[in-house]
Amino acid sequence: MKRTNIVKLIVDKNTHEKLKELAIATAKCWNEVNWLRMQQFKRGEGVDFARTEKQVYDRHKHVLRVNVQQVTRTGEASSP
């Protein structure tokens, strides 16, 4: 059974904007790495996790920094 904790952050406007930017960048990173892997799968190729991680890392490292690796590797953990 999975449990979910919901937390409400009370932040100022500047912090809110930074968190919003980080959330959008994380979603873009996640969507991009999944799209690249889906394209490899649809072409009948083996999914190259390391290559797709590197491609996405190079594009998003300026905003997400080390968190890019965490986002891209989350998909690896869920694959068979």
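FYI, it's all coordinate maths here, none of it is from the lab. Keep in mind the model is a prediction, meaning the values are calculated, not measured. Positions of Cβ are generated from backbone atoms using ideal geometry, with glycine treated the same way; all protein chains shown enter the neighbour counts.
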Q. Hey, in the GNM for the chain with a 10 angstrom Cα cutoff, which one of Asn31, Asn67, Asn14 fluctuates hardest?
A. Asn14
Q: Note down the nm distance, to one decimal, between modelled labels 7 Å out along Cα→Cβ at Ala50 and at Asn67.
A: 2.7
Q.
Rounded to whole Å, give me the distance from the Cα center of region 7-24 to that of region 32-52.
A. 32
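How charged is the neighbourhood of Lys54? Take every other residue with its Cβ under 11 Å from the Cβ of Lys54, and add Lys/Arg as +1 and Asp/Glu as -1.
Values: positive: Arg51, Arg59, Lys61; negative: Asp48, Glu53, Asp58.
Counting the neighbours of Lys54, the net charge comes to 0.
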Q. So which residue, out of Leu19, Leu36, Leu64, gets the largest mean-square fluctuation from a GNM of the chain using Cα contacts under 10 Å as springs?
A. Leu19
Q. Of Ile24, Asn14, Val63, whose Cα points farthest to the positive end of the dipole of the chain (charges on the beta-carbon: +1 Lys, Arg; -1 Asp, Glu; origin at the Cα centre)?
A. Asn14
Q: Mind scanning Lys18/Lys42; Lys8/Lys54; Lys8/Lys42; Lys8/Lys61 and naming the pairs with a C-alpha gap bigger than 31 Å?
A: Lys18/Lys42; Lys8/Lys54; Lys8/Lys42
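For the chain, count the residues as N, evaluate 2.2 N^0.38 Å, and divide the Cα radius of gyration by that value, please. Each step should come with its number before you reach the end.
Working: Rg = 15.2 Å, N = 80, 2.2 N^0.38 = 11.6 Å.
Working it through for the chain, the quotient is 1.31.
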Q) How high is the relative contact order of region 14-78, given as a whole-number percent (alpha carbon pairs under 8 Å, six or more residues apart)? A) 38
